[in-house]
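**Q** The structure's right below; bear with me while I get my questions together.
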Amino acid sequence: MGQLIPIIEWASGPNGFKYPPKAATLYKYAATGQIYPKPKKQGKKWVVDADAKFVGIIASAPSLDRLSKPVGDLVKKALTGG
């Protein structure tokens with residue numbers, strides 16, 4: 001883990017973006033976990049590891065709880081191959 005730097009400095013550095021987004025967009029990326037390792041909020045400022053990478057939105061697995069039981073069982077069977 002490298003040195004913690006302000007997220008705005010990181011975005012304009014070599015590990016950030018070619019064309020850095022506005023501060024509000026960077027703060028949204030930080031709050032939603034689109035940067036790895038996840039940035040930390042120190043007081044009012046977001047700081048990030050100097051070696052962090054932008055990963056974008058990582059989709060979470062869909063919840064099978066919202067499906068009816070027969071459909072949920074069928075989806076589980078298809079996903080597990082059994």
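The values are calculated or read from the model by the stated rules, or taken from the named source; none is laboratory data. Computed from a prediction, not measured in an experiment: that's the story for all the values here. Here the Cβ positions follow ideal geometry from the backbone for every residue, glycine too, while neighbour counts run over all protein chains shown.
**Q** Under 17 Å from the mean Cα position of the chain (by Cα), at pLDDT below 95, surrounded by 10 or more Cβ atoms within 10 Å (Cβ to Cβ) and of a type outside the set (S, T, N, Q): does that describe residue 16?
**A** Against the criterion (under 17 Å from the mean Cα position of the chain (by Cα), at pLDDT below 95, surrounded by 10 or more Cβ atoms within 10 Å (Cβ to Cβ) and of a type outside the set (S, T, N, Q)), residue 16 qualifies.
**Q** Which residue is surrounded by the fewest Cβ atoms within 10 Å (Cβ to Cβ), if the candidates are limited to the range 1-13 and must be closer than 20 Å to residue 58 by Cβ and touching a helix residue (DSSP H, G or I) at 6+ places or on another chain (Cβ under 8 Å)?
**A** Taking the candidates together, the pick is 11.
**Q** Next question. Would you mind finding the one in 40, 28 that is touching a residue at least 12 places away in the same chain (Cβ under 8 Å) and surrounded by 11 or more Cβ atoms within 10 Å (Cβ to Cβ)?
**A** On inspection, the qualifying residue turns out to be 40.
**Q** Please count how many residues of the range 50-69 are more than 16 Å from residue 31 (Cβ to Cβ) and either surrounded by 11 or more Cβ atoms within 10 Å (Cβ to Cβ) or modelled with pLDDT of 90 or more (or both).
**A** 5
**Q** Does the range 5-14 contain any residue that is touching a Lys or Arg at 6+ places or on another chain (Cβ under 7 Å), in a helix (DSSP H, G or I) and either touching a residue at least 60 places away in the same chain (Cβ under 8 Å) or not aromatic (Phe, Trp, Tyr) (or both)?
**A** No; the residues of the range 5-14 include none that is touching a Lys or Arg at 6+ places or on another chain (Cβ under 7 Å), in a helix (DSSP H, G or I) and either touching a residue at least 60 places away in the same chain (Cβ under 8 Å) or not aromatic (Phe, Trp, Tyr) (or both).
**Q** Can you find a residue in the range 38-59 that is assigned to a helix (DSSP H, G or I) and of a type in the set (Lys, Arg)?
**A** For the range 38-59, residues assigned to a helix (DSSP H, G or I) and of a type in the set (Lys, Arg): absent.
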